[in-house]
Structure formats: structure tokens, C-alpha cells
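Below is one structure, written out as C-alpha cells, with a few remarks after it.
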Amino acid sequence: MKTLATGAALLALGTTSAYAAGLDRSNQGISSIFDADGTTTLSFGVVVPHLSGKDISGGGSYDAGVTYSQGSVTFTKDAGEKFNFSVIFDRPYGVDIDYDSDPLTTMLGGTTADLNSVAATFVGRYKISDRISVFAGMGVQRIDASVDLNGQAYAQAISAAGTARVFNGAIAGTGLQPVTAQEVGGAAAAANAGNFAPIAALNARYAATGNPTAGNTLVSSFASAVGGFNATGGYSFDMDATTEPNYLIGAAYEIPEIGLRVSGTYRFETEHEADTVESVYGITTNGTVEFVTPRSFNLEAQTGIAEGTLLTASYRWVEYSAVDLVPTFLQSDLVNLDDQERYTLGVARRFSDKLAGSATLIYEPETGDLVSPLGPTNGLKGISLGGRWTDGALQVSGGVNYSWLGDATAEVAGRPVANFSDNHAVGIGISAKLTF
């Protein structure tokens, strides 16, 4: 049972490439710390997401999903009877989004996001007894990103915010109520529909400034800004790579005789600062941005339920609501994600000394009514099927995942702009493990 416990759990949970919400790519697992002495594992997978959506108003349609790959390398070694360690290389976070439609005729066309990461982690485990162990780790994570915001939803939102910012700077110190981006955009939209009451209200509010046509000026400036945004290719953001240390702690309880293991891993929040370049309206702004990669908690469990059969389960929580990426010029959060939870339940079965198989169910609950266009899904249900072949010291595992992605409404500046429905993702993964 112990052999199945240390091998089949990885088969059930680690060899398939499943789509995940938020920025997750690897789920930041540390299960290699339980591998046998001298074990090296190489894993590689490809995920093909289908993310189709349509504008709520207008005829714009999209397939924003971009195929991406992911991989990891681990090495585990004993250092005495009570201590062992594992070195893990993976890609913990990532985003690949491309709204491949005309930005002049759609709400989100031309919007793209490309976030890349790589991490190296050292985890050491101390066995307090045959059943209880504690572990801790430290590592480094490197992250870079580029984002393009385009389409008429962003043209209006960014232009309204910029127009309001300039106007509020001009009336600073007068004691007058600042105008909001929503008021500017709303007045312009109302005027386009033949309703000039919002403009009149703004005129009355700011008449004391000596400009009784302030509302008209705001709407005119907004229209000019939208035209400039469209003429100069929208908004672009590039963030230089930032590398910072990160840390984790955890503990595990095991009963090897029945293949039982329960482990919990807590990763600390990591602070980053990076140089940035923004471009909009033909103006380039150099700046810096501060953000965090989120804290998280992984709970993983497995137990033998019959001869040659293993039950597995896991829970993951990530505090993505803490990840605020606010560039210097934009002054708005590029990430805008809710906290994420992920549940899995699986069973692995050994058919012979060489062959084993597994099936795993995956569930992520919905997180809210509106989502970021850079992650246009809400919840997930998936299934992974895997197989493992053992030949002496070599184990080769492979699997496929199919995930049904929850319908979602993408928003820009709190305004619903596009609906995404009937979407899915397919992942294929392979893993080779060799014990020297």
C-alpha cells in the first residue's frame, strides 16, 4: 500500500494539465517532498482553453483563449534518517488572453495580457516521528507582464477617468465637489441619446468657477480623448521582470500501513516592485508598481480504501483579492480578481505491478457577478483521467483533463460589457519519474 500511496497520489493529482481560475498554473504543490530518496520528476503539459464571448451591446464576438504550456522539475534527497529535502522548479502564475477583434467596432477588441512566472523552491522536511513531520521552504519567484487594454469599453473608461482627473486638478482648492469618471461618461452617453440633463447639472454645479459650461467642456474633452485613444492604439503596459524571495511552512500526518497522509502547506504573501512603461494617447510614462503575489493554503489528503485502491482529496485557497497591480498613469487595478478556492476528489487503482490508473473530479465555485476581462470565467467543473506505467526505477504517467468553464460577465469600470458562455478547456500532461 505504501508504494501505491507515494506514486498514485501524484498520478491522480499531478500529471494532468488542468485549467485553473485566476492566475494559478501549478497549484504550487510540494508533494515531491514525500518522494523516495534520489527521485527526479519532470512534468510537462499543454492547456487549450476555449473562451468565446459576445458584447452585451453591439455585434462584437471573441475567442480570447490562448493555448499555453506548463512544466515542472523536482528532485528529492534524504539527508539522514529524519531529514529530507526537495527542490522544485515550476511556473506558479500565468495569464494568456487575446481578444482578437477590431478595437474600433467592439468593446474589448485588441485587449491582451501576457503574464509569465518561474519559481525555484527548496523545501526541507523533518520527521518528528514515523507519523508526524513538519516542513518549511524558501525560494525565489520571477514575474514579468505586459497588458494591452483596447476596444471601446476601455476607450471610454480610460478617457473618462483621464478627463475627470484633469478637471479635478484644475478646480483643486476651490472646495467644489470633484467630478467622477462615471459622471463624465454618463453625461456623454446621455447626450448621445438626446438627453442633455446631466450636462446641465454639471454646468450648474461648476458655475461658481466662472465657467457655466463646464459640463459641455467635460463632454467635449471626453470625446476628444476617446478619439485620441482610438487613434494611438489604446493603452499598453509593460512590466520589467521582478525577482523576490518567498516562504512556506507546513506539516503532515501519515499512517504508512494504510496509505494515509494529510498535509497542509501555507505560503506567505510576497511583495514585489518593478519598473514599468505605459503608453496611451501617444504619451509614454515611466514608473514603478508595487504588488504582491498572494498567500495561499493547500490541504492534501489520501488514504487506502481497499487493496490497491487509493482515495485522494485536496483543497486550495488563494487570496487573489490582495493582488492589486495599479500602474502610475492608469491609476486603476489591472488584476481585479476575487479569492479563489479549488476542490478535488479522486481515486487511483493499481491494476498490476506495472499499471495503475486514476480519475479525479475538480471543482471551483463561482466568485461573484462580474469578472475581469483578463480572466473571463466564473467557476469550473472538470475531470482528469490518468495512467501510470512502472518499469523498475522509472515511472511514466500521463493524463487528460476536460474542464467546463463557468459562464461569466466581463466588466470594465463596473460596467458589464461582454458575456462569456458554454466554454471549456482541454489539458494534456505527461510526467516521468526516475529514482536513482
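The values are calculated or read from the model by the stated rules, or taken from the named source; none is laboratory data. Please read these numbers as outputs of a predicted model, since none were measured by experiment. Reconstructed Cβ throughout: ideal geometry from the backbone, glycine too, with neighbour counts over all protein chains shown. Just the protein is used for accessible areas: all its heavy atoms, side chains included, with ligands, DNA and RNA removed. Shrake-Rupley method; radii C 1.70, N 1.55, O 1.52, S 1.80 Å.
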Item to check | Filter result for the condition that a residue is in contact (Cβ under 8 Å) with a residue 12 or more places away in the chain, surrounded by fewer than 16 Cβ atoms within 10 Å (Cβ to Cβ), among the hydroxyl-bearing types (S, T, Y) and touching a helix residue (DSSP H, G or I) at 6+ places or on another chain (Cβ under 7 Å), over T180, T213 | outcome: T180
Checklist outcome for this item: Only unsatisfied item for V292, checking (1) under 30 Å from T174 (Cβ atoms); (2) among the hydrophobic types (A, V, I, L, M, F, W, C); (3) part of a strand (DSSP E or B), is (1)
Item to check | Residue list for the range 298-332, restricted to those being in a loop (DSSP other than H, G, I, E, B), open to solvent by 50 Å² or more (accessible area, probe 1.4 Å) and under 29 Å from A413 (Cα atoms) | outcome: D324, V326, T328, F329, Q331, S332
Checklist entry - Name the pairs: first residue in the range 391-411 and under 14 Å from T39 (Cβ atoms), second residue modelled with pLDDT under 90 and part of a loop (DSSP other than H, G, I, E, B), Cβ to Cβ under 8 Å, at least 6 apart or on different chains? => result A393/F436; S397/T15
Checklist entry - Looking at T270, T265, T303, T312, which is the one that is β-branched (V, I, T), in contact with a helix residue (DSSP H, G or I) (Cβ under 6 Å, 6 or more places away or on another chain) and more than 24 Å from D148 (Cα to Cα)? => result T312
Checklist entry - Pick from S17, S31: which is at pLDDT below 95 and touching a helix residue (DSSP H, G or I) at 6+ places or on another chain (Cβ under 7 Å)? => result S31
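Return the residues of the range 182-226 that are in a helix (DSSP H, G or I) and of a type in the set (V, I, T); say none if nothing qualifies. It would help to see each step written out before you state the result.
Just the residues of the range 182-226 that are in a helix (DSSP H, G or I), to begin with: 182-192, 197-205, 207-209, 214-226.
Across the range 182-226, the qualifying residues are V184, I199, T209, T217, V219, V226.
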Checklist entry - Inside the range 185-217, can you point out the residues that are touching a Leu at 6+ places or on another chain (Cβ under 7 Å) and either on the phi > 0 side of the Ramachandran plot or at pLDDT 95 or above (or both)? => result none
Checklist entry - Tally time: how many residues in the range 77-111 are among the β-branched types (V, I, T) and touching a Phe, Trp or Tyr at 6+ places or on another chain (Cβ under 7 Å)? => result 2
Checklist entry - What are the residue pairs meeting all of these: first residue in the range 311-330, first residue touching a residue at least 40 places away in the same chain (Cβ under 8 Å) and among the charged types (D, E, K, R), second residue assigned to a loop (DSSP other than H, G, I, E, B) and open to solvent by less than 30 Å² (accessible area, probe 1.4 Å), Cβ atoms under 7 Å, and 6 or more apart or on different chains? => result E319/P294
Next on the checklist: I need a count of the residues in the range 128-149 that are open to solvent by 70 Å² or more (accessible area, probe 1.4 Å), part of a strand (DSSP E or B) and not aliphatic (A, V, I, L, M).
Outcome noted: 1
Item to check | Qualifying residue in the range 382-401 (condition: open to solvent by less than 70 Å² (accessible area, probe 1.4 Å), part of a loop (DSSP other than H, G, I, E, B) and under 28 Å from N336 (Cα atoms)) | outcome: no
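Hey, among the residues in the range 87-127 that are among the aromatic types (F, W, Y) and open to solvent by less than 60 Å² (accessible area, probe 1.4 Å), which one's nearest to L248 (Cα to Cα)? Walk me through it before giving the result.
As a first pass, look at the range 87-127 and keep what is among the aromatic types (F, W, Y): 89, 93, 99, 122, 126.
Subset that is open to solvent by less than 60 Å² (accessible area, probe 1.4 Å): 93, 99.
Numbers: Y93: 16, Y99: 36 Å.
Among those residues, the one meeting the criterion is Y93.
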Checklist entry - Do we find a residue being modelled with pLDDT under 95 and open to solvent by less than 20 Å² (accessible area, probe 1.4 Å) anywhere in the range 259-280? => result yes
